[in-house]
Structure formats: C-alpha cells, structure tokens
Amino acid sequence: MIGDRRAAIGIGAMLVFIAMILLAVISGAIIIGLTELISQQTEKTSAAANSDISRKIIVNNIWIGDNFDDYLIMFTFHPSGSAVSPSDVHIQLYCTTSAGVFMYFSTPLVDAVNNPDFGTNPGAYGYDGLDVWEITANPASGNAATLEPGRSYFVRLDGDNNNEVTSNCDPQYLEENGITGNLWFHIEGGQSTHEVFYVHDRTHGTQIL
C-alpha cells in the first residue's frame with residue numbers, strides 16, 4: 001500500500017512537472033510571437049512616419065509672376081524620401097476680405113495656371129507655358145514629370161483661377177484690399193506646408209515672402 005501510494009505521488013508529480021514544461025513552452029512561444037509582432041508593427045510605424053516626414057514641400061520664395069494675376073513660387077522637395085508626381089501635390093490659395101468674404105481655390109500642381117492665353121503664349125515673362133519645372137532644367141524639356149528629393153522647382157500659380165467672384169486672391173486684389181494671402185501645399189500621403197504672404201507691391205518680379 002505504501003509503495004502504491006508513493007508511486008501514485010511520483011506519477012502525479014511527474015505529470016505536474018510535464019504540465020509545467022508544456023506551459024513554459026507555450027508561454028515562451030506566445031511571448032516570442034508577441035515580440036515579433038510588436039517589432040514588425042514598430043518598423044511599419046517608423047517607416048510610415050519617415051515617409052510622412054520626408055514627403056514635404058519647403059517654400060523658398062514667392063514673387064509677383066506677371067503684371068496681371070500670377071504668382072511665381074520657388075520650392076524645394078524634402079531631401080529624403082522618394083519622388084512624387086506633381087499630380088499628387090495640390091496647391092491651395094485662399095484669402096479673406098475685410099468684409100469676411102472667403103475666397104478660395106485648390107488645384108493640382110500640374111494645373112496651377114488656368115489661363116489658355118499664357119499656356120501657349122507666355123509672352124515676355126519667360127515661363128514658356130510651364131506650370132511646374134525644375135529651376136535648372138531646360139524649358140524645352142517641359143513640365144517636371146516627378147518631384148525629386150532635394151531638388152528645387154518653380155511653379156506658376158494663377159491668383160484668381162479665372163473666377164474673380166469666388167476665388168480672387170490675385171496680387172492686385174490683395175494689395176488693393178490690404179489683406180494677406182494664404183498658400184498651402186498638400187501631398188498625398190505626406191505633410192502639408194503653409195505660408196502667409198502680403199502683397200505690398202504688385203510690380204512683376206517683386207518678392208513678397
């Protein structure tokens with residue numbers, strides 16, 4: 001009887017020991033799996049954050065683009081990250097009159113000038129019908145196909161988008177009404193850039209930022 005009791009106790013202890021080993025193995029596998037999952041999620045989050053930070057427009061300067069209603073904007077695409085298409089970048093211009101009237105329009109970077117007269121005949125202003133182009137590029141090569149990291153570009157922006165009723169923020173309107181202009185660049189999957197400018201002189205070539 002005593003031997004049977006001891007044998008039963010020994011078998012029970014062995015079963016408990018085996019159960020503890022199995023529990024340790026399962027717990028270890030769960031911990032390793034969770035660690036790998038957290039590590040992968042951290043890497044994805046970091047990659048997404050780096051992509052978001054690197055996809056950004058840096059505005060260098062703004063000038064009066066002509067004697068009518070255009071602005072000439074110089075910007076640099078963030079030096080890190082990957083190239084983006086100008087069609088994935090939107091430029092937004094808005095202003096608010098002293099009477100509280102909100103003027104606004106938004107357009108893709110590749111269609112920043114909504115004026116057929118200047119699209120094919122830019123006259124004496126030297127833009128060669130371009131909307132957005134690299135500052136070191138030959139104008140004959142046309143609009144920039146992509147915005148490359150670390151490179152600088154010009155974009156020509158129509159200040160009223162050919163609609164002086166709801167979206168007139170051109171140089172003449174801002175100067176005559178003494179109001180500021182607000183310029184935004186929005187990149188799909190990236191950051192937005194905001195600049196405020198004031199037109200004190202609408203002579204062609206005047207720097208306003």
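Listed here are the residues, each with its yes/no results for (1) in contact with a helix residue (DSSP H, G or I) (Cβ under 8 Å, 6 or more places away or on another chain); (2) at pLDDT below 90.
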{"residue": "ILE135", "(1), (2)": "no, yes"}
{"residue": "GLY142", "(1), (2)": "no, yes"}
{"residue": "GLU148", "(1), (2)": "no, no"}
{"residue": "PRO171", "(1), (2)": "no, no"}
{"residue": "GLY181", "(1), (2)": "yes, no"}
{"residue": "PHE197", "(1), (2)": "no, no"}
Item to complete: May I ask you to list the residues in the stretch 133-144 that are of a type outside the set (Val, Ile, Thr), surrounded by 12 or more Cβ atoms within 10 Å (Cβ to Cβ) and assigned to a loop (DSSP other than H, G, I, E, B)?
Response: ALA137, GLY142, ASN143, ALA144
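What tally of residues in the stretch 134-146 results from selecting those that are hydrophobic (A, V, I, L, M, F, W, C) and within 15 Å of SER87 (Cβ to Cβ)?
2
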Worksheet item: Out of all the residues in the stretch 193-203, which are touching a residue at least 40 places away in the same chain (Cβ under 8 Å) and either in contact with a Phe, Trp or Tyr (Cβ under 7 Å, 6 or more places away or on another chain) or among the charged types (D, E, K, R) (or both)?
Response: THR193, GLU195, ASP201, ARG202
Worksheet item: Out of all the residues in the stretch 180-208, which are farther than 20 Å from HIS90 by Cα and part of a loop (DSSP other than H, G, I, E, B)?
Response: VAL199, HIS200, ASP201, ARG202, THR203, HIS204, GLY205, THR206, ILE208
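The values are calculated or read from the model by the stated rules, or taken from the named source; none is laboratory data. The structure presented is a predicted model; accordingly, all values stated were derived computationally and were not measured. Using ideal geometry, Cβ is built from the backbone for each residue, glycine included, and neighbour counts are taken over all protein chains shown.
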